1. Please count how many residues of segment 325-349 are in a loop (DSSP other than H, G, I, E, B) and open to solvent by less than 70 Å² (accessible area, probe 1.4 Å).
2. Consider segment 114-151. How many of its residues are open to solvent by 20 Å² or more (accessible area, probe 1.4 Å) and closer than 18 Å to residue 217 by Cβ?
3. Which condition number does residue 141 fail, the rest of (1) assigned to a helix (DSSP H, G or I); (2) closer than 22 Å to residue 284 by Cβ; (3) in contact with a Gly (Cβ under 8 Å, 6 or more places away or on another chain) being met?
4. May I ask you to say which residue of 260, 182 is under 18 Å from residue 69 (Cβ atoms), in contact with a strand residue (DSSP E or B) (Cβ under 7 Å, 6 or more places away or on another chain) and either surrounded by fewer than 22 Cβ atoms within 10 Å (Cβ to Cβ) or not basic (Lys, Arg) (or both)?
5. Select from segment 152-169 the residues that are open to solvent by less than 40 Å² (accessible area, probe 1.4 Å) and free of Cβ contacts under 8 Å to residues at least 24 places away in the same chain and list them in ascending order.
6. Would you be able to tell me the number of residues in segment 263-293 that are open to solvent by 40 Å² or more (accessible area, probe 1.4 Å), closer than 26 Å to residue 212 by Cβ and without any contact (Cβ under 8 Å) to a residue 40 or more places away in the chain?
7. With the requirement that a residue be touching a residue at least 60 places away in the same chain (Cβ under 8 Å), surrounded by 15 or more Cβ atoms within 10 Å (Cβ to Cβ), under 12 Å from residue 346 (Cβ atoms) and not charged (D, E, K, R), what does segment 17-44 give you?
8. Would you point out which residue out of 238, 285 is among the basic types (Lys, Arg) and touching a Ser or Thr at 6+ places or on another chain (Cβ under 7 Å)?
Amino acid sequence: MLFQDVLTIRAGRNARSALSEYGLSPDRIGALAGAAGGPKWLILGALDRFLFGEWLADARQPIELLGSSIGAWRFAAACHPNDPVGAIDALERAYIGQCYSRRADRNEISGTVRRVFDRFFSDDVLEGVLTHPRYRLHVVTVRSRALTASEHRGLLSVGSALGALANAGSRRTLRWFFERVIFSRQRGTIRWADDGLGARTVALTPANGRDAVYASGNIPLMMRGVVDPGGAPPGIYRDGGITDYHLDQPIVKPSSAAPIVLMPHFDERLVPGWFDKSLPWRGPRHADNTLLIGPGPKLRERLVDGRVPDRKDFYRYAEDDAGRLAAWRQAIDAGRWMRDAFAEFAAVDDPVRFVKPL
């Protein structure tokens, strides 16, 4: 079967149980999780189009869309009320078109990323984010605290370094430096783990919808944060991936009629927070309901250097935008193979046979 080598398929305990009992179908999906990861998302574009344009189109249940950083941007596009595929197309075109000077500063990067955002986040997308009849978007951001509540490069650097150092000992210490704030379409529909970081919820509104989704992708030190989004506590809001890089959360109740959290992913690992990337011992603890669909070995063979695109490509291909675009387009093309493999996997009987533990 194609999907066995093309995909990495892993699932938490409850998700494996649900797959064993009922198989995989759109009406069993209670939520989708969208990870942070910058350009890595490009390999997921074709799968996103299939999910939101076809596979989930006839599902009748409400589906929670929990995203941080680029995951929130992807899911905002998917909320377009009439043409989610066209909105995902617009995001992809704008995203791959970003270019920078060799010594781009925060102002240049912030301005360029804002233009990328504005090119896909239309009034129709905002309307869908606020009113879609089935998709309920939840956008993860962080509100900066202590030294990180500054745009002074020195203070922000020291605060971030202290946060990373403290996090190596315990994820719970992140709350000293960053407060998790979720801008939510509907309160109370996301199940959060007791991970010590809390989960302040702010209603998504016409006044803060754009700023909330944009803030979720604001990388500290590289970009300027969003200041005082409407309806939220005053402060500087930044990338939600700091606390929730790959969304290690239960998200739904296992007793739900739709108990599976589907996570189209660009990796085979689930890394809880941004500062955990270099901590091999820091694995998922709360993702029991998650079904992770990532690239497998055969898919990676189709990628430049065997890896998905990432933010370092802007340095690898400095002053060679054509080379970077070629590598990124190759990943986009490989993503179509990922789409087809998922469609095959979703159609098999007894899919749990092919699922590894998460």
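1. Count: 1.
2. Total satisfying the criteria: 8.
3. For residue 141, the failing item is (1).
4. Details: 260 fails: under 18 Å from residue 69 (Cβ atoms).
Unique residue meeting the criteria: 182.
5. Once the filter is applied, which keeps residues that are open to solvent by less than 40 Å² (accessible area, probe 1.4 Å) and free of Cβ contacts under 8 Å to residues at least 24 places away in the same chain, segment 152-169 yields 154, 159, 166.
6. The qualifying residues number 1.
7. Correct list: 19, 23, 24, 29.
8. 238
The values are calculated or read from the model by the stated rules, or taken from the named source; none is laboratory data. Because the structure is a prediction, the values reported are computed rather than measured. Neighbour counts are summed over all protein chains in view; Cβ atoms, including those assigned to glycine, are modelled from backbone coordinates with ideal geometry. Only protein heavy atoms, including side chains, enter the accessible area calculation; ligands, DNA and RNA are left aside. Shrake-Rupley method; radii C 1.70, N 1.55, O 1.52, S 1.80 Å.
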